[in-house]
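> Got a structure for you, questions after.
The values are calculated or read from the model by the stated rules, or taken from the named source; none is laboratory data. All of these numbers come straight from a predicted model, not from anything done at the bench. Cβ sites come from the backbone with ideal geometry, for glycine too, and all protein chains shown count toward neighbours. SASA here: full protein model, heavy atoms, side chains in, ligands and nucleic acids out. Shrake-Rupley method; radii C 1.70, N 1.55, O 1.52, S 1.80 Å.
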Amino acid sequence: MASLTPFSHSHSHSLLKMPNVRPPPPPSFFSSFILKDFPYSKTLSLKLPRMVTRNVVVSATTAEKPRKRYPGEAKGFVEEMRFVAMKLHTKEQAKEGEKEVKQPEERPVQRWEPSVDGYLKFLVDSKLVYDTLEGIIDKAPFPSYAEFRDTGLERSEKLAKDLQWFKEQGYTIPEPSSRGVTYAEYLKELSEKDPQAFICHFYNIYFAHSAGGRMIGKKVAEKILDKKELEFYKWDGDLSQLLQNVRDKLNKVAESWTREEKNHCLEETEKSFKYSGDILRLILS
């Protein structure tokens, strides 16, 4: 800080006589910062005092924007997955549906014309997919998969019983089609390198079967099986509680994911619908 002691007259007089000394220029308004470092300061700096300008600039550049909330996020990640899945239904399949009817299996089930041979193809391919899913969960290449062992939603053994029943009725059980083989191989590949995408398929396969899948099974049975209820559509215990238990496990696993990983999981939903739709279409073949 400069001295507060006043100059004597003689000192002042001698200072003025010094030939090369000039008083320092007043501080430049623009000398203390560079405009490129403050993207919002250009227009403000012409009108406001320095300290006010600096405060406004800092506020504009450092203010934290509220984070985007995803539909269903407040209820847990399973609700986010459900929201995305519902959008991929048609209006006739779900009130939240936005998809236009393009494929035969997307029409109301009441208008389907299934055949026993086509239904057998669907059951065989479905069993291959469930065999694959349940084998992956059992081996658990990622530790989080172990959370989903013995949930009560498993379908492989139930399908084996149904296929045995058809065999006893004199039907020939076909080999899995290329649709089922392709999906099973894709699930194996995902499970080893992309757990978020794999979990998306796990969720959609089991939960879709417990909802729309049951309705399809009932309508098909009415048309071609004399209303026989297959084991594929039966669960041991309270289904709603089994589903809730798995929801809780899914939410728990997803708690450790980043937002980017969650989004990646959601983005896989469309592929899950495509592969499952290819197999469902076999009923009408």
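> Checking the conditions here, which among Tyr186, Tyr206 is within 21 Å of Ser276 (Cα to Cα), of a type in the set (Phe, Trp, Tyr), open to solvent by 20 Å² or more (accessible area, probe 1.4 Å) and outside any loop (DSSP other than H, G, I, E, B)? Steps first, please.
Details: Tyr206 fails: open to solvent by 20 Å² or more (accessible area, probe 1.4 Å).
Answer to the selection: Tyr186.
> Identify the single condition in (1) without any contact (Cβ under 8 Å) to a residue 24 or more places away in the chain; (2) small (Gly, Ala, Ser); (3) within 17 Å of Arg247 (Cα to Cα) that Ser210 does not satisfy, given that it satisfies every other one.
(1)
> While we're here: Test of understanding: among Ser191, Ser272, which residue is open to solvent by less than 30 Å² (accessible area, probe 1.4 Å), touching a residue at least 12 places away in the same chain (Cβ under 8 Å), of a type outside the set (A, V, I, L, M, F, W, C) and touching a Pro at 6+ places or on another chain (Cβ under 7 Å)?
Details: Ser272 fails: touching a Pro at 6+ places or on another chain (Cβ under 7 Å).
That would be Ser191, the only listed residue that is open to solvent by less than 30 Å² (accessible area, probe 1.4 Å), touching a residue at least 12 places away in the same chain (Cβ under 8 Å), of a type outside the set (A, V, I, L, M, F, W, C) and touching a Pro at 6+ places or on another chain (Cβ under 7 Å).
> Which of (1) exposed (fewer than 14 other Cβ atoms within 10 Å of the Cβ); (2) in contact (Cβ under 8 Å) with a residue 40 or more places away in the chain; (3) touching an Asp or Glu at 6+ places or on another chain (Cβ under 8 Å) is the odd one out, the single condition Leu123 does not satisfy?
Result: Leu123 fails condition (1) only.
> A follow-up question, please. Of all residues in the stretch 210-232, which are open to solvent by less than 20 Å² (accessible area, probe 1.4 Å) and assigned to a helix (DSSP H, G or I)?
Ser210, Gly213, Gly217, Val220, Ala221, Phe232
> Residues to consider are Ala85, Ala94, Ala146; find the one that is of a type outside the set (Asp, Glu), assigned to a helix (DSSP H, G or I) and surrounded by fewer than 18 Cβ atoms within 10 Å (Cβ to Cβ). Steps first, please.
On the way: Ala85 fails: surrounded by fewer than 18 Cβ atoms within 10 Å (Cβ to Cβ); Ala94 fails: assigned to a helix (DSSP H, G or I).
Going through Ala85, Ala94, Ala146 in turn, the sole match is Ala146.
> Here is a further query. Take Lys228 and decide whether it is out of contact with any Lys or Arg (no Cβ under 8 Å at 6 or more places or on another chain) and in contact (Cβ under 8 Å) with a residue 24 or more places away in the chain. So that I can check it myself, show each step before the final result.
Values: out of contact with any Lys or Arg (no Cβ under 8 Å at 6 or more places or on another chain): yes; in contact (Cβ under 8 Å) with a residue 24 or more places away in the chain: no.
No, not satisfied.
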